[in-house]
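*Asks:* One structure, as structure tokens, below. Some questions next.
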Amino acid sequence: MIKEKISFHDMFYTFLFGCFMGWIVEGIWTLLKKGLFLNHSALVIGPFNIIYGIGAVVLTLVLFRVKQKRNFEIFVLSFFTGTILEYIVSFIMEHTLGFVAWNYSMKPFNINGRVCLPYSLFWGFLGILWIKIIYPKVKKLIDRLDKKESIKFMKITLIFLAFDTLLTFGAIARGKAYEEGLPPNNKVEEVLDKYFGVEYLNNMFNNRWNRK
């Protein structure tokens, strides 16, 4: 019996799928809840909800070997995996960017506002749904891609994501300077103000981009 393997190629496209689906789900949720559309991308260009992309990859790596186990076992493993991941991402965001894009302080059984029981339960059920139903379908789609062309696309996209990440850090730094009343020093900062300014960042980060 040949064991299934997880390749970087598979995880890259799984990451893209998670980013895009997270962007759609969060967008629809806020549209229904608040009556307005929030971008919910972690990067200034493109529909990249990074936490969902990372979540899709981590859940796959953690649950792949236990996908034949009972749903309860998968639920528990996913519950803790998602909770730990969310806490770590929140911590890193706060200590590198100076803000977090979510705050669960008003939710029941929360830990430092970073994680809470309702969303941890969500991670548990999501793990079952993901590894039993969604990921197998995603894997089939990935396997149908032309390998040569998909690898070429992957390399180009990785370069773009690196650029997009640097641009996002630059936009955040410039946004903070703008709110301190500092004028742009060069053409790059003028472009950041024009296209990725405070209003744009607030929409992206759920009106929390500059809050601790």
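*Asks:* Does Leu201 meet the test of being of a type in the set (A, V, I, L, M, F, W, C), in a helix (DSSP H, G or I) and closer than 30 Å to His9 by Cβ?
*Replies:* Working: of a type in the set (A, V, I, L, M, F, W, C): yes; in a helix (DSSP H, G or I): yes; closer than 30 Å to His9 by Cβ: no.
In short, no.
*Asks:* For segment 121-138, check the following and say yes or no: at least one residue is of a type in the set (Lys, Arg) and in contact (Cβ under 8 Å) with a residue 60 or more places away in the chain.
*Replies:* Yes: one or more hits.
*Asks:* Among the residues of segment 189-212, how many are aliphatic (A, V, I, L, M), in contact with a helix residue (DSSP H, G or I) (Cβ under 8 Å, 6 or more places away or on another chain) and at pLDDT below 95?
*Replies:* Selection size over segment 189-212: 2.
*Asks:* Quick check on segment 19-39. Is at least one of its residues crowded, with 16+ Cβ neighbours inside 10 Å and part of a loop (DSSP other than H, G, I, E, B)?
*Replies:* Within segment 19-39, one or more residues are crowded, with 16+ Cβ neighbours inside 10 Å and part of a loop (DSSP other than H, G, I, E, B).
*Asks:* Only one residue in Pro108, Pro184 is without any contact (Cβ under 8 Å) to a residue 24 or more places away in the chain, surrounded by fewer than 12 Cβ atoms within 10 Å (Cβ to Cβ) and more than 26 Å from Val62 (Cα to Cα). Which one?
*Replies:* Answer to the check: Pro108.
*Asks:* Let me ask you something else. Among the residues of segment 107-130, which ones are part of a loop (DSSP other than H, G, I, E, B), in contact with a strand residue (DSSP E or B) (Cβ under 9 Å, 6 or more places away or on another chain) and not charged (D, E, K, R)?
*Replies:* Within segment 107-130, Pro108, Phe109 meet the criteria.
*Asks:* Can you tell me which residue in segment 1-29 is nearest to Val89 (Cα to Cα), limited to those that are at pLDDT below 85 and not aliphatic (A, V, I, L, M)?
*Replies:* Lys5
*Asks:* I would also like to ask the following. Would you mind stating whether Val44 is assigned to a loop (DSSP other than H, G, I, E, B), crowded, with 18+ Cβ neighbours inside 10 Å, in contact with a Leu (Cβ under 7 Å, 6 or more places away or on another chain) and not basic (Lys, Arg)?
*Replies:* yes
The values are calculated or read from the model by the stated rules, or taken from the named source; none is laboratory data. On a predicted model such as this, the values are computed, not experimentally measured, just so you know. Glycine also receives a Cβ, built like all others from the backbone with ideal geometry; neighbour counts cover every protein chain displayed.
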